[in-house]
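This report concerns only the one structure given below.
The values are calculated or read from the model by the stated rules, or taken from the named source; none is laboratory data. Keep in mind it's a predicted model, so treat the numbers as computed, not measured. So basically every Cβ, Gly included, is an ideal-geometry build from the backbone, and we count neighbours across all protein chains shown.
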Amino acid sequence: MNMPSEAQVTFFLTGRRAASELEPLDAERLRPAALAAYRDLTRLRHDFPVVLLDDAAAADGAVLASLAALIDAVLAEAPGAGERTRLRAHALKIEREIRTLVANGTAGGLHGLIDTAAARLAPLPDIAFAESVQRLHAGIAQDGPLLDCDAALPRRLLGHVWRSVQRAKGEAFGSEAERLILRLEDVLRADHALSKAGRSAAQLRAAVGSMHAELFDFERMAALLDPVSAETTLPAARRRRVESVLSVLRGQRLFALPDAAVEPYGFEFGDCASALAAFRARLPEMASLARALAIGALEAEGEYNEARHDAIFADFGTDGLGAEELARFPDFFVCLNETALNAPENQALAEMLSSGLPVKVLMQTDDLLEAPLAGSGHLAMGSRGRQFANMTLGLNEVYVLQSASANLVALRRQLERAMRYAGPALFSVYSGASAQAGGLPPYLVAAAAMDSRLFPAFSYDPSAGGDWATRFSLETNPQRERDWPVHRLVYEDAEGQRVVEDVAFTLADFVACDTRHARHFAQVPRAQWNGGLVPLERCLAEAARGLPERLPSLLMVDADDRLQRAIVDDKLVRETRRCREAWHSLQELGGVHNSHADRVRAQHTAAAATGAAPAAQAPGDKTAEMAEVAEAPPAASVDAAPAPAPDEPYIETPRCSSCNECIQINPRMFAYDENQQARIVDAGAGSYRELVEAAENCQVAIIHPGKPKNPKEPALDELLKRAEPFR
Ligand code: SF4
């Protein structure tokens, strides 16, 4: 049967389900097939938990790193193949145990958790294991708390990066202020030493000290010096200036300095209105401190010229401070949840961002799939945070970074850059911590939102260059050239045959995880499956005219990993199409499938076919060059990839995150293709053990070791057992 049934068509068009033929979707029990491999995140080497590093100890200045990356760095340094293999086995066990501890709510620092995990894994003395634990301690110089991917992560992680940048600013100010204070105190001290007061008998005695005091007649010395001493050598105006600068430097509350007599201001806020009010209240102090630093520097060098500088400093800061001056002061850090946004908050946020204030704003979103908009005909998908991020791009001078929390570790360099940016920055972060996600962990929900293109990652850095090509990046989105990322699915069909299928992860897959939107799906009992049910992404290009002959469906798996199929209703299909169009717009901004370049390429092709010259390019127009780049052969189609033989090792290459793990294990066996994604180039260039270890180390669990080729390889039974989860 190659046509959908009447009941199936009716559901697609109207959302009405005939109970006899179709079943309701149980989002608590089913999940999209592409997520089948991620049941137990503690088995998956991924970016979490992340360690907030003590930046003073980090050699490369990094302030955060994934636990897996820190372990890998130790393994890379291990000497000797035998020792490396043993250390790897122990270290990966410890890493997994720590991941489990953190996922279950155990808090603590990295070195403490290494010991806790080791004690749980090897309660009895084990010399080899103890040596490995010691190696881990010795190889990881830094320490810091570990965080899992949960609702609290965005605030804690961004707060950590923000604090490290502010600490650096504070240290720069502290050393400048200390140097100025010493120099200016010297100026006053020198003046005092030459004055009548400074040459009194008591002062002279104090200057000589008690050891030789009986050799001098200090009264006579003071009398002799009195006629050549003045009340002061400093002009009154200069003394006033120097004293005023010292008073401002010593009394400032903008930076936290050691031994400061006054409590410093706090710069972390939970709402925009308070942050804006604090900025306005502190602006005169900032201007006064900036003025004091400038005057102090001139006075310390004896270069203050009243005729020239008095006029300059008279009105200093009355019109506010420039971006460069503001950048010297601590940035205001505002943590918002989009649910708390209201009209006054929106206004204050817009004012701060558009006025270029030194503010770094975290806008956290926990729920992307709200209730339907009444009467709009659209599902209210997306979020105010995402909309705000898109609108803020139009301001041009604001650093904008959007990402799901699962991707924040991958974006750590951009986060640090944004926090150091001399201007406002907006961080729009989706936490994945939705209560409606059918029990999926926030990491998986957040990653799925990014995969589905509903919450794509991007960064816009105004300081990177003068054009969009240098400022805007879609870098960390999975398979960003495609409409949807493709995942390879391997399963057994009803006849027990192994099937390899590539499935796209679309917006509808993400929505299928949400219990509130189950009405947009109808589960089709296996007996009712037919050739008219096709993957949703293939239906997107077709606008429904009359009764459809093919219906969009999703592959899902139940709790026992049995394959299920669900029809998607027309309303959600239209929403998925809208999501894809929004992604296309972002792709264009990021230089992927640029329509201007495509047009120029078409002109070139037409001109080449007719022998005519293509239309002249306007000066500065880069579309021809872009078209040349776009003409490069596309990545190999997943559809064209032959299905691997049942016992052969293979990699789901389109899902490779290019982490380099497998290539480090055996670069003759594994290599990157032209898209910088790993594949097996020569399975015979190494051992089955290496294939299994690569599979265990692969962060996204996409290496399938197949069956061993050499029946004489040692410990095959153990290796086959270890390979079992990756079949
Ligand atoms: S296939 Fe290799 S490079 Fe790709 S994610 Fe897995 S281990 Fe990393």
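List every residue pair whose Cβ atoms lie under 6 Å apart, where the two residues are 6 or more positions apart in sequence or sit on different chains, the first residue falls within region 245-260 and is in contact (Cβ under 8 Å) with a residue 24 or more places away in the chain, and the second residue, located anywhere, is in a loop (DSSP other than H, G, I, E, B) and surrounded by fewer than 14 Cβ atoms within 10 Å (Cβ to Cβ).
Pairs found: Arg253/Val262.
What pairs can you find where one residue is in region 696-717 and on the phi > 0 side of the Ramachandran plot, the other is part of a loop (DSSP other than H, G, I, E, B) and more than 14 Å from the ligand (Cβ to nearest atom), and their Cβ atoms are less than 6 Å apart, with a gap of 6+ or different chains?
Gly706/Asp647; Gly706/Glu648
Among the listed residues Pro705, Pro649, Pro667, Pro654, which satisfies the condition of being surrounded by fewer than 20 Cβ atoms within 10 Å (Cβ to Cβ) and of a type outside the set (Val, Ile, Thr)?
Matching residue, one of Pro705, Pro649, Pro667, Pro654: Pro667.
Can you find a residue that is under 17 Å from Val490 (Cβ atoms) and either more than 8 Å from the ligand (Cβ to nearest atom) or not hydroxyl-bearing (Ser, Thr, Tyr) (or both) anywhere in region 670-682? Let's see the steps before the verdict.
The first filter runs over region 670-682 and keeps only residues under 17 Å from Val490 (Cβ atoms), leaving 679-680.
From what is left, the residues that are either more than 8 Å from the ligand (Cβ to nearest atom) or not hydroxyl-bearing (Ser, Thr, Tyr) (or both) are 679-680.
Yes, some residue in region 670-682 is under 17 Å from Val490 (Cβ atoms) and either more than 8 Å from the ligand (Cβ to nearest atom) or not hydroxyl-bearing (Ser, Thr, Tyr) (or both).
Note down all Cβ pairs under 7 Å where the first residue falls in region 34-56 and is at positive phi and surrounded by fewer than 22 Cβ atoms within 10 Å (Cβ to Cβ), the second is of a type in the set (S, T, N, Q) and part of a loop (DSSP other than H, G, I, E, B), and they're at least six residues apart or on different chains.
Once the first residue is at positive phi and surrounded by fewer than 22 Cβ atoms within 10 Å (Cβ to Cβ) and sits in region 34-56, no partner that is of a type in the set (S, T, N, Q) and part of a loop (DSSP other than H, G, I, E, B) comes close enough.
Kindly establish whether Ala292 is surrounded by 14 or more Cβ atoms within 10 Å (Cβ to Cβ) and farther than 24 Å from Leu353 by Cα.
yes
Could you please give the count of residues in region 688-713 that are among the small types (Gly, Ala, Ser), in contact with an Asp or Glu (Cβ under 6 Å, 6 or more places away or on another chain) and within 12 Å of the ligand (Cβ to nearest atom)?
0
Step by step: first the residues of region 677-695, then only those that are buried (at least 21 other Cβ atoms within 10 Å of the Cβ) and under 33 Å from the mean Cα position of the chain (by Cα), then the one that is nearest to Ala89 (Cα to Cα). Which residue is that?
Ranking the candidates gives Glu693 first.
Is it the case that region 498-520 has a residue that's buried (at least 22 other Cβ atoms within 10 Å of the Cβ) and hydroxyl-bearing (Ser, Thr, Tyr)?
Yes, region 498-520 contains a residue that is buried (at least 22 other Cβ atoms within 10 Å of the Cβ) and hydroxyl-bearing (Ser, Thr, Tyr).
Across region 645-661, what is the total count of residues that are touching a strand residue (DSSP E or B) at 6+ places or on another chain (Cβ under 9 Å) and within 26 Å of Glu492 (Cβ to Cβ)?
Final tally of qualifying residues: 10.
Inspect all residues belonging to region 13-32 and state whether any of them is of a type in the set (A, V, I, L, M), more than 23 Å from Val503 (Cβ to Cβ) and in a helix (DSSP H, G or I).
Within region 13-32, one or more residues are of a type in the set (A, V, I, L, M), more than 23 Å from Val503 (Cβ to Cβ) and in a helix (DSSP H, G or I).
Test of understanding: among Leu298, Leu289, which residue is over 25 Å from Lys360 (Cα atoms) and modelled with pLDDT of 95 or more?
Unique residue meeting the criteria: Leu298.
Which pairs have Cβ atoms under 6 Å, sit 6 or more apart or on different chains, and link a residue in region 652-666 that is at negative phi and without any contact (Cβ under 8 Å) to a residue 60 or more places away in the chain to one that is assigned to a helix (DSSP H, G or I) and near the ligand (Cβ under 8 Å from one of its atoms)?
Cys662/Ala694; Ile665/Ala694
Within region 80-96, can one find any residue that is assigned to a loop (DSSP other than H, G, I, E, B) and either more than 27 Å from Ala449 (Cα to Cα) or touching a Pro at 6+ places or on another chain (Cβ under 9 Å) (or both)?
Step one: filter region 80-96 for residues assigned to a loop (DSSP other than H, G, I, E, B), giving 80.
With the extra rule that they be either more than 27 Å from Ala449 (Cα to Cα) or touching a Pro at 6+ places or on another chain (Cβ under 9 Å) (or both), the set shrinks to 80.
Scanning region 80-96, I find at least one residue that is assigned to a loop (DSSP other than H, G, I, E, B) and either more than 27 Å from Ala449 (Cα to Cα) or touching a Pro at 6+ places or on another chain (Cβ under 9 Å) (or both), so the answer is yes.
List every residue pair whose Cβ atoms sit under 8 Å apart, with the two residues 6 or more apart in sequence or on different chains, where the first one lies in region 669-690 and is on the phi > 0 side of the Ramachandran plot and the second, anywhere, is polar (S, T, N, Q) and within 11 Å of the ligand (Cβ to nearest atom).
So the pair list comes out as Gln676/Ser658.
Considering only region 265-290, state which residues are touching a residue at least 40 places away in the same chain (Cβ under 8 Å), closer than 22 Å to Ser164 by Cα and of a type in the set (Gly, Ala, Ser).
Scanning region 265-290 gives Gly270, Ala275, Ala278.
Got a number for residues in region 169-192 being of a type in the set (A, V, I, L, M) and exposed (fewer than 14 other Cβ atoms within 10 Å of the Cβ)?
Selection size over region 169-192: 3.
Run down Val592, Val638 and say which single residue is under 30 Å from the mean Cα position of the chain (by Cα), hydrophobic (A, V, I, L, M, F, W, C) and modelled with pLDDT of 75 or more.
Val592
Output the residues belonging to region 555-585 that are part of a helix (DSSP H, G or I) and either within 22 Å of Glu21 (Cα to Cα) or of a type in the set (Lys, Arg) (or both). Walk me through how you get there before you give the answer.
Initial filter on region 555-585 (part of a helix (DSSP H, G or I)): 570-585.
Matches in region 555-585: Asp570, Lys571, Leu572, Val573, Arg574, Arg577, Arg578, Arg580.
Out of Leu157, Leu110, Leu146, Leu101, which single residue is buried (at least 16 other Cβ atoms within 10 Å of the Cβ), modelled with pLDDT of 95 or more, under 30 Å from Pro424 (Cβ atoms) and of a type in the set (A, V, I, L, M)?
Working: Leu110 fails: under 30 Å from Pro424 (Cβ atoms); Leu146 fails: under 30 Å from Pro424 (Cβ atoms); Leu101 fails: under 30 Å from Pro424 (Cβ atoms).
Exactly one of Leu157, Leu110, Leu146, Leu101 is buried (at least 16 other Cβ atoms within 10 Å of the Cβ), modelled with pLDDT of 95 or more, under 30 Å from Pro424 (Cβ atoms) and of a type in the set (A, V, I, L, M), namely Leu157.
Okay, residues lined up against (1) more than 30 Å from Gly686 (Cα to Cα); (2) hydrophobic (A, V, I, L, M, F, W, C):
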position	(1), (2)
Ala62	yes, yes
Leu70	no, yes
Arg88	no, no
Glu95	no, no
Ile98	yes, yes
Gly159	yes, no
Glu171	yes, no
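Looking only at region 113-132, how many residues end up being in contact (Cβ under 8 Å) with a residue 40 or more places away in the chain and either touching a strand residue (DSSP E or B) at 6+ places or on another chain (Cβ under 8 Å) or surrounded by 16 or more Cβ atoms within 10 Å (Cβ to Cβ) (or both)?
Going through region 113-132 one residue at a time, the tally reaches 1.
Can you name the number of the only condition in (1) near the ligand (Cβ under 10 Å from one of its atoms); (2) over 21 Å from the mean Cα position of the chain (by Cα); (3) more than 19 Å from Ala78 (Cα to Cα) that Ile663 fails?
Every condition holds for Ile663 apart from (3).
Just checking, does region 398-406 include any residue being surrounded by 17 or more Cβ atoms within 10 Å (Cβ to Cβ), small (Gly, Ala, Ser), at pLDDT 95 or above and not in a strand (DSSP E or B)?
yes
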